[in-house]
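Novice: One structure coming up, written as structure tokens, with questions to follow.
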Amino acid sequence: MLKIENLHAEIDGKQILNGLTLEVQAGEVHAIMGPNGAGKSTLAYVLGGRPGYEVTAGSVTFMGQDLFAMEPHERAAAGLFLGFQYPVEIPGVSNVQFLREALNAQRTARGEEPLSGGDFLKLAKEKAGLLKLDMEMLKRQVNVGFSGGEKKRAEMVQMGILDPTFAVLDETDSGLDIDALRVVGEGINAIMRDPAKGVLLITHYQRLLEVVKPDKVSILAAGRIVQTGGPEIAVRLEDEGYDAVMADA
Ligand code: ADP
Ligand code: MG
Ligand code: MG
């Protein structure tokens, strides 16, 4: 589904991604772990097409298409979802408005009928229930005054509504307490665990991976993948730290 080859990218002339190669097949959850500053968020931004991130070499193929030939909204319409480490606030726009706009823009781009207000609310209620987020929260302005945990759960409700084929989730577990972590992890499983879907799950910690069990785990350090294996890598990282595990790579 996602094939990243020899990816090099820079910000403000500073090279951050340095020959990153990685492949995710349909049905896989591929976790990416790595020390602070390794380039994990940069990878998520580059895949999402955030301005300011310049790709200087390499390629990314998404569902057989050249990802970099697609505008960010085309990537979303093709089924790519990005969950960010720091969700943005949108004052003056309610979650319900925002989510319905986003969903219907994607449906229209795919040549599907937009969802009616009633059908949309039914869908939103179902997904909010899945993430144990009160519908009242969805009537409030996007992320304004939300706690860290509420932002992450609202973001997972958004993912549930958009129903992407591929999700890149950047530290969705950051700032979550144990209970919220379980709810969010189980939400990811319910929405994305599917033979036709894929997930790139960026995380610092093993905790989330106890709920969303990855098929593969890669370590990203200094802008490239230095090791790929099974879930045991995450367990070792938790016990021994990055230096010890990477020394064996
Ligand atoms: P991670 O998510 O793995 O912690 P990031 O992708 O956020 O790492 O950052 C990778 C590196 O890029 C860090 O050294 C960071 O300081 C640097 N970086 C991030 N944004 C910018 C920027 N706008 N200008 C210059 N350097 C940046
Ligand atoms: Mg970080
Ligand atoms: Mg980061």
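The values are calculated or read from the model by the stated rules, or taken from the named source; none is laboratory data. These numbers were taken from a predicted model, which means no experiment stands behind them. Don't worry about glycine lacking a Cβ; one is built from the backbone with ideal geometry, like all the others, and counts go over all protein chains shown.
Novice: Quick check on this structure: which one of V226, V211 is in contact with a strand residue (DSSP E or B) (Cβ under 6 Å, 6 or more places away or on another chain) and either crowded, with 19+ Cβ neighbours inside 10 Å or aliphatic (A, V, I, L, M) (or both)? I'd like the intermediate steps shown before the answer.
Specialist: Numbers: V211 fails: in contact with a strand residue (DSSP E or B) (Cβ under 6 Å, 6 or more places away or on another chain).
Within the list V226, V211, the selection yields V226.
Novice: In the range 223-245, what residues are within 16 Å of I4 (Cβ to Cβ) and touching a Gly at 6+ places or on another chain (Cβ under 8 Å)?
Specialist: Across the range 223-245, the qualifying residues are G223, R224.
Novice: Could you tell me which of the residues A76, A69 is away from ligand 2 (no atom under 16 Å from the Cβ), closer than 29 Å to D12 by Cα and surrounded by 15 or more Cβ atoms within 10 Å (Cβ to Cβ)?
Specialist: A76
Novice: For the range 49-58: of the residues being surrounded by 15 or more Cβ atoms within 10 Å (Cβ to Cβ) and at pLDDT 95 or above, which is nearest to ligand 2 (Cβ to nearest atom)?
Specialist: Taking the candidates together, the pick is Y53.
Novice: Another one. Does Q85 satisfy the criteria of being over 21 Å from D194 (Cβ atoms), in contact with a strand residue (DSSP E or B) (Cβ under 7 Å, 6 or more places away or on another chain) and within 16 Å of ligand 1 (Cβ to nearest atom)?
Specialist: Spelling it out, Q85 is indeed over 21 Å from D194 (Cβ atoms), in contact with a strand residue (DSSP E or B) (Cβ under 7 Å, 6 or more places away or on another chain) and within 16 Å of ligand 1 (Cβ to nearest atom).
Novice: Hey, another quick one. Is at least one residue of the range 92-113 in contact (Cβ under 8 Å) with a residue 12 or more places away in the chain, within 16 Å of ligand 1 (Cβ to nearest atom) and crowded, with 17+ Cβ neighbours inside 10 Å?
Specialist: Within the range 92-113 (the criterion being in contact (Cβ under 8 Å) with a residue 12 or more places away in the chain, within 16 Å of ligand 1 (Cβ to nearest atom) and crowded, with 17+ Cβ neighbours inside 10 Å), the answer is no, since none of the residues qualifies.
Novice: Confirm whether E54 is part of a helix (DSSP H, G or I) and farther than 26 Å from G185 by Cβ. Lay out the reasoning, then the answer.
Specialist: Working: part of a helix (DSSP H, G or I): no; farther than 26 Å from G185 by Cβ: yes.
Considered against the rule, which asks whether it is part of a helix (DSSP H, G or I) and farther than 26 Å from G185 by Cβ, E54 comes out as no.
Novice: Moving on to the next point. With the condition being within 16 Å of ligand 2 (Cβ to nearest atom), I'd like the helices (runs of 4 or more DSSP H) fully within the range 158-249 carrying at least 1 qualifying residues.
Specialist: Counting at least 1 such residues, we get 207-211, 232-247.
Novice: May I pose another question? Of all residues in the range 8-50, how many are within 16 Å of ligand 3 (Cβ to nearest atom), over 22 Å from G64 (Cα atoms) and not in a strand (DSSP E or B)?
Specialist: Final tally of qualifying residues: 9.
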